[in-house]
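Single-structure report; data block below.
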Amino acid sequence: MSDLAQKECVPCKGGVPPLKGEELRELARQVPGWEVVDEHHLRRTFKFRNFREALAFVNRVGELAEEQNHHPDICFGWGRAEITVFTHKIDGLTESDFIFAAKVNNL
């Protein structure tokens, strides 16, 4: 289990710069399977055998989002679910985005 997955997401109140450069790359190494897109958001597509499994996964991600008070964008359909995470308040990435991604990896 990732060390990040042991942490809790911290709500962002704004006023902080989004992560960039080496700090961003170091956190990205800790969430295998996730792609950092334009230093702005994290994205990962999960594959499933059918719609029911995808829906069950999306529901677990939704429960995690409510528990962590950190809400991703979710797009899903038959056999797949795409999760996109970033901190809307600063329009970029914070450590909490990587914490959430690590927790999703553990579902």
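The values are calculated or read from the model by the stated rules, or taken from the named source; none is laboratory data. The structure displayed is predicted, hence computed values, not measured ones. Neighbour counts run over all protein chains shown; Cβ positions are idealised from the backbone, glycine included. Heavy atoms of the whole protein, side chains included, go into the accessibility calculation; ligands, DNA and RNA do not. Shrake-Rupley method; radii C 1.70, N 1.55, O 1.52, S 1.80 Å.
Here is a list: A81, A54. Which entry is in a strand (DSSP E or B), under 15 Å from L107 (Cα atoms) and more than 12 Å from the chain's Cα centre (by Cα)? Exactly one of A81, A54 is in a strand (DSSP E or B), under 15 Å from L107 (Cα atoms) and more than 12 Å from the chain's Cα centre (by Cα), namely A81.
Of everything in the range 1-58 that is touching a strand residue (DSSP E or B) at 6+ places or on another chain (Cβ under 8 Å) and at positive phi, the residue that is modelled with the lowest pLDDT is E39. Scanning the range 24-41 for residues that are charged (D, E, K, R), touching a helix residue (DSSP H, G or I) at 6+ places or on another chain (Cβ under 9 Å) and assigned to a helix (DSSP H, G or I) yields no hits at all. A single entry from R44, R60 fulfils the requirement of being open to solvent by 20 Å² or more (accessible area, probe 1.4 Å), in a strand (DSSP E or B) and under 15 Å from A5 (Cβ atoms): R44. In the range 5-23, which residues are of a type outside the set (D, E), under 18 Å from N105 (Cα atoms) and touching a residue at least 24 places away in the same chain (Cβ under 8 Å)? Scanning the range 5-23 gives A5, K7, C9.
When the range 77-107 is filtered for residues that are surrounded by fewer than 19 Cβ atoms within 10 Å (Cβ to Cβ) and either of a type outside the set (A, V, I, L, M, F, W, C) or modelled with pLDDT of 95 or more (or both), the ones remaining, listed by number, are G77, W78, G79, R80, E82, T84, H88, K89, D91, E95, N105, N106.
The rows are residues; the columns are (1) within 21 Å of Q30 (Cα to Cα); (2) out of contact with any His (no Cβ under 7 Å at 6 or more places or on another chain); (3) among the hydroxyl-bearing types (S, T, Y).
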residue: N50; (1), (2), (3): no, yes, no
residue: E63; (1), (2), (3): no, yes, no
residue: E82; (1), (2), (3): yes, yes, no
residue: T87; (1), (2), (3): yes, yes, yes
residue: G92; (1), (2), (3): yes, no, no
residue: E95; (1), (2), (3): yes, yes, no
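When the residues of the range 73-107 are filtered to those that are of a type in the set (D, E) and in contact with a Leu (Cβ under 7 Å, 6 or more places away or on another chain), the one that is farthest from G62 (Cα to Cα) is E95.
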